[in-house]
Each structure stands twice: as C-alpha cells, then as structure tokens.
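**Student:** Would you mind keeping the following structure in view while I ask a few things?
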Amino acid sequence: MSAYTSLESMDDKLDAQMSLGVRIRAVDVKDVAHRVITRHLLPDIQGSLKRFTGQQLRCPKCNSKYRRIPLRGACYCGNKLTLTVHEAGVSKYLEKAKAIGMTYGVPAYTIQRIALLESAINSLFQSDKVKNSKLDEFL
C-alpha cells in the first residue's frame, strides 16, 4: 500500500510530494516543483485544451457520438446533445500549477508558460463580445 494509492485527490498527492521534498535536505524543492509542473501539470492542461477544441458531441440517451452538430441541433433520436469534454476538465490543474510555481519559485519561463495557458483558456471560455468602451480607457 503506497501513499499514492492511499491519497484520494491529486491535490493531496501534490501537497504530499512537495511537503516531502521540503523535509528532505538532499532534495532541491525548486527543481521538484519545476519538474512536476513541466512534466505533469502543463502537458495535462495542454492536452485537455487540445482535446476540448476538437471534441465530439454525445447523446446521453442512445450514446451516439457526432464530430459535428447535426443540422437539426439534436440527436437523431430527438434527445439533446452534450459535450464530451467540459471546461472544468481543461482548467482543473491550472490554479495548482500557479500556486506551486509561486510558492517554490520556479523559473520565470515556467511561470510565463502557465500564464500563456491561462490566457488561452480565458480566451476560449470567456466571451469576446465587444464592450462599450470610453475614449479615456485607451489613454
């Protein structure tokens, strides 16, 4: 029975790994944080973002899958279609990556990569509608 199987959530596993790195003097915690972010969290976020942009639609009733929305806007059985990848799945590790990066002082390049992914996620999920702006805002 390992600690990886006994801890339930990914947040608990990351916290346990980082606290163990802090307690062991032979471990460079900054390097551990950098590796966790660049080898686990960022690839997961990037993969989820890519999967969201090319996702399928699924019918919960008959479990049919569609690459594109049918012209009628619903499944051929008449039921409403749902997305296969959701916003929460895309951004689930973003806040944890930012917190680990700021807490343990990872390199600036890694912080910038996290910020770029955050801006890509915000651009995808937030409305890009034109807002009424005043001329003073541009000065």
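Read-outs throughout are calculated quantities, based only on the coordinates presented, and are distinct from any laboratory measurement. Note that the coordinates shown come from a computational prediction; the quantities given were computed from them, not determined experimentally. Here Cβ is always computed from backbone atoms with ideal geometry, including for glycine, and neighbour counts include all displayed protein chains.
**Student:** Restricting attention to the range 119-127, does a residue exist that is over 24 Å from Asp12 (Cβ atoms) and surrounded by 13 or more Cβ atoms within 10 Å (Cβ to Cβ)?
**Tutor:** Yes - at least one qualifying residue is present in the range 119-127.
**Student:** If Glu137 passes every condition in (1) surrounded by 17 or more Cβ atoms within 10 Å (Cβ to Cβ); (2) part of a helix (DSSP H, G or I) but one, which one does it miss?
**Tutor:** The one condition Glu137 does not meet is (1).
**Student:** Is it the case that some residue within the range 62-76 is farther than 17 Å from Lys13 by Cβ, among the aliphatic types (A, V, I, L, M) and crowded, with 18+ Cβ neighbours inside 10 Å?
**Tutor:** no
**Student:** How many residues does the range 1-23 contain that are assigned to a loop (DSSP other than H, G, I, E, B) and either surrounded by fewer than 15 Cβ atoms within 10 Å (Cβ to Cβ) or of a type in the set (D, E, K, R) (or both)?
**Tutor:** 4
**Student:** Then there's this: Does Lys80 satisfy being within 26 Å of Phe125 (Cβ to Cβ) and more than 20 Å from the chain's Cα centre (by Cα)?
**Tutor:** yes
**Student:** On the given criteria, is Thr110 among the polar types (S, T, N, Q), closer than 25 Å to Gln126 by Cα and either over 15 Å from the mean Cα position of the chain (by Cα) or crowded, with 17+ Cβ neighbours inside 10 Å (or both)?
**Tutor:** It is true that Thr110 is among the polar types (S, T, N, Q), closer than 25 Å to Gln126 by Cα and either over 15 Å from the mean Cα position of the chain (by Cα) or crowded, with 17+ Cβ neighbours inside 10 Å (or both).
**Student:** If you don't mind, another one. What do you reckon, is Leu116 surrounded by fewer than 13 Cβ atoms within 10 Å (Cβ to Cβ) and not small (Gly, Ala, Ser)?
**Tutor:** Judged against the criteria, Leu116 is a match.
**Student:** Hey, could you check the range 24-36 for residues that are part of a helix (DSSP H, G or I) and in contact with a Gly (Cβ under 8 Å, 6 or more places away or on another chain) and say which is surrounded by the most Cβ atoms within 10 Å (Cβ to Cβ)? I'd like the intermediate steps shown before the answer.
**Tutor:** Going residue by residue through the range 24-36, those that are part of a helix (DSSP H, G or I) are 29-36.
Imposing the further condition that a residue be in contact with a Gly (Cβ under 8 Å, 6 or more places away or on another chain) reduces the set to 29-30, 32-33.
Numbers: Val29: 17, Lys30: 13, Val32: 19, Ala33: 23.
Among residues in the range 24-36 that are part of a helix (DSSP H, G or I) and in contact with a Gly (Cβ under 8 Å, 6 or more places away or on another chain), the one surrounded by the most Cβ atoms within 10 Å (Cβ to Cβ) is Ala33.
**Student:** Of everything in the range 37-87, what is assigned to a loop (DSSP other than H, G, I, E, B) and among the small types (Gly, Ala, Ser)? Give them in sequence order.
**Tutor:** Correct list: Gly54, Ser64, Gly73, Ala74, Gly78.
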